[in-house]
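S.K.: Before I ask anything, here is the structure I am working with.
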């Protein structure tokens, strides 16, 4: 989705105008890393320090090819100025993908910034059993080149491909951004110590003179809560900053703040202390680009320039309310990844001990977990039946007011962490089509379709992660195709990630004469496509069926046919425990002679006793035909008795019987 922030109660930092955006950290510390950077192609290699050996070898080989090259990791360079500068400096951004890179905030911050700076990306997959997910997965899916480092890919071949792609991409391109050569950059460009304030508080609002009125406005909105709030103006003489004593940092971003050294140091301390940051931009149509652009890249930010913009109604909310919700969410204590994983590890170890006691041979035979990350997952294409109705089957749109409209539920939990709940469908659209999208969402919602799109209140924390999580959770991507969608790099990023993860598509063309690239045409080949130039078209019938119902039934049928899309969002240790338990369960099945997997008698998917979730049943009864009304499930308007269900439930393997109630002329499945 792409959007115009002037129409929003807050802005999504993720949406700029290019597909080549990524953050990373350059290593420019020692003299032997400094090379001449005249007119040669400039390469930045970003990695976690756990992959430093690979990065250093890549760097040396690329230097031998006559390219300028620096390394960047989570530790170096240290200053925000140096980190932002080195990302701006490079022509090509190479990312060495690993689990630890995915899970390190400093690395991902750099990736988001490279994305915002429109840097061409080359991805190097260093771990053969890891498929990147979230923002890393989405951004790397749009790389100009992807290479898997394994025994089948000689290093010299990888260097050759990188060199060729880099020089080809940079040819005839001029970098107009004024940057300093990394060898001349002062990584110690920082105040040695931040003047520490004495105010202990929950929420610290930091501002400068040109943002002070907005800071006071936000302060007034928070004092009615139980949160202790302090405002500090860092442009005052002898200013101090209480970052170390606050829970949440709310900076009021302005051009003066960007140019004030103490403000940069305050951000650096906030990063070191892992303080939650909820940024507010206090200038209309302004975006920071340098060090300040780095620290807010990929974050949801809130544009509040005066009282009018703060309280202007936006559907069921306004900007100041959404900001307050974000601040209150950020105040909640967040368990560390280690704490969250330790709970699952303990459960897995107990289950492993139980399996071990039953198996005659331990450890069990291990399966290969090598992933062909160069190959996109493939969706299941199905033949949809021709729509047809013999009796009355009209459509009534339920227009939902701002008060009663139910926004899509958040795709993140109370900690702003991905909430991986299964979705039938995710809507991908360009922001100018939001009115049409909202109407279609309302119709899908009334038909019990689990659907999500990014609208107010549905995103927190990282916008790129929220988008990627939506794609990962969805079985089907419903695309509102327009010329602006094709031209939007951010919409393309979303679409590409859907292709990479093997999602099914349903295409709604919202205007005529849309030209698509060949790769997009191939991705949607065999999937249903409809011309929907206005909402009125959806009310028109196809063989007696309103088009909106034809589309809904296509989404349901495709969603039921798609296999699960597992995401290994965990550490290497937890992944190993999960894999070992899976192998142990396979071994138990072989030893006992009892098949592990069964076929669901409701949806036809494979499942076992450890993964019963993922099915759906109907919540009401089936109204048989023969009368004035078309045969349909009253809960979701589907026309056939064996149509996909509409509410989540567990898989079953019991025989099912379709039972008619002669008294009412209705039918239900037993069991449902």
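Read-outs throughout are calculated quantities, based only on the coordinates presented, and are distinct from any laboratory measurement. Only a predicted model underlies this, so the values are computations on that prediction, with no experimental measurement involved. Note: ideal-geometry Cβ built from the backbone for every residue, glycine included; neighbour counts use all protein chains shown.
S.K.: May I ask for the percentage of alpha-carbon pairs in the stretch 508-578 that lie more than 21 Å from each other?
M.R.: 51
S.K.: At q = 0.09, 0.17, 0.18, 0.19 Å⁻¹, what is the base-10 log of I(q)/I(0) for the stretch 203-330 according to the Debye formula with one equal point scatterer per Cα and no solvent? Please give it to two decimals.
M.R.: Once normalised to I(0) and log-transformed, intensities are -0.22, -0.83, -0.94, -1.06.
S.K.: On a C-alpha basis, how far is the centre of the stretch 206-222 from the centre of the stretch 608-622 in Å? Whole number, if you could?
M.R.: A separation of 51 Å, based on Cα centres.
S.K.: As an exercise, take the mean of 1/r over every pair of distinct alpha carbons in the chain, invert it, and state the Kirkwood radius in angstroms.
M.R.: After inverting the mean inverse Cα-Cα distance, the result is 27.3 Å.
S.K.: Compute the relative contact order of the stretch 423-561 as a whole-number percentage, counting only Cα pairs closer than 8 Å that sit 6 or more residues apart in sequence.
M.R.: 27
S.K.: Quick one: helix 547-561 against the long Cα principal axis of the chain, what's the angle to the nearest 10°, folded into 0 to 90?
M.R.: 80
S.K.: Please give the helix 52-64 orientation as an angle from the longest Cα principal axis of the chain, in degrees from 0 to 90, rounded to the nearest 10.
M.R.: Result, in degrees: 70.
S.K.: Could you please rank 617, 312, placing first whichever residue has the fewest other Cβ atoms within 10 Å of its Cβ?
M.R.: 312, 617
S.K.: Right, something else. What does the extension gain come out to for residue 150 and residue 312, with contour length at 0.36 nm per residue minus their alpha carbon separation?
M.R.: The residue 150-residue 312 span can extend by a further 52.8 nm.
S.K.: Then there's this: Under a point spin-label approximation (7 Å from Cα along Cα-to-Cβ), what is the residue 374-residue 623 distance to one decimal in nm?
M.R.: 5.6
S.K.: Moving to a separate point now. With the cut-off at 1.5 for a/c, could you classify the stretch 198-247 from its C-alpha gyration tensor as rounded, prolate or oblate?
M.R.: Oblate shape, in that a/c is at least 1.5 and b/c is the bigger or equal ratio.
S.K.: Can I ask one more? Which values, in whole Å and largest first, are the semi-axes of the equivalent ellipsoid of the stretch 602-670 obtained as the square root of 5 times each eigenvalue of the Cα gyration tensor?
M.R.: Semi-axes from the Cα gyration tensor: 26, 12, 9 Å.
S.K.: Sort 483, 119 by Cβ crowding within 10 Å, fewest neighbours at the top.
M.R.: Fewest-to-most ranking of 483, 119: 483, 119.
S.K.: Counting residues in the stretch 93-252 as N, plug N into 2.2 N^0.38 Å and put the Cα Rg over that result.
M.R.: This ratio for the stretch 93-252 stands at 1.47.
S.K.: Considering Cα pairs under 8 angstrom that are at least six residues apart, work out the relative contact order of the chain and quote it in whole percent.
M.R.: Reported as a whole number, the value is 14 percent.
S.K.: Rank-order 334-345, 442-453, 121-132 by packing density, defined as the average count of other C-beta atoms within 10 Å over each peptide's residues, highest first.
M.R.: For the peptides 334-345, 442-453, 121-132, the packing ranking is 121-132, 442-453, 334-345.
S.K.: With each run of n ≥ 4 DSSP H residues scored as -39500 (n - 2.57), what mean residue ellipticity at 222 nm is computed for the chain after dividing by its residue count and rounding to the nearest 500 deg cm²/dmol?
M.R.: -10000 deg cm²/dmol
S.K.: Separate question: When ranked by the protection proxy of mean other Cβ atoms within 10 Å per residue, highest first, what sequence do the peptides 645-657, 587-599 form?
M.R.: 645-657, 587-599
S.K.: Also: Tell me the angle of helix 105-116 to the major Cα principal axis of the chain, expressed in degrees between 0 and 90 and rounded to the nearest ten.
M.R.: 80
S.K.: How far is the Cα center of the stretch 503-526 from the Cα center of the stretch 241-313, in Å?
M.R.: The distance from the Cα centre of the stretch 503-526 to that of the stretch 241-313 comes to 39 Å.
S.K.: Which order do the peptides 217-224, 462-469, 66-73 take when ranked by the mean count of other beta-carbon atoms within 10 Å per residue, highest first?
M.R.: So the peptides 217-224, 462-469, 66-73, ranked by packing, come out 462-469, 66-73, 217-224.
S.K.: Moving on to the next point. How far apart, in nm, are the 7 Å Cα→Cβ label points at residue 537 and residue 160?
M.R.: Spacing of the two 7 Å Cα→Cβ label points: 4.9 nm.
S.K.: Please state the relative contact order of the stretch 183-312 as a whole percent: Cα pairs under 8 Å, 6+ residues apart?
M.R.: Relative contact order, the stretch 183-312: 26 percent.
S.K.: Starting from the Cα of residue 367, step 7 Å along the direction of its Cβ; do the same at residue 220; then give the gap between the two resulting points in nm.
M.R.: Taking the two extended label points, one gets 6.1 nm.
S.K.: Another one. Can you sort 101, 535 so the residue with the fewest Cβ neighbours within 10 Å comes first?
M.R.: Fewest-to-most Cβ neighbours within 10 Å comes out as 535, 101.
S.K.: When DSSP assigns beta bridges and you keep just the ones with both residues in the chain, what percent turn out antiparallel, to the nearest 5?
M.R.: Counting only bridges with both partners in the chain, antiparallel ones make up about 30 percent.
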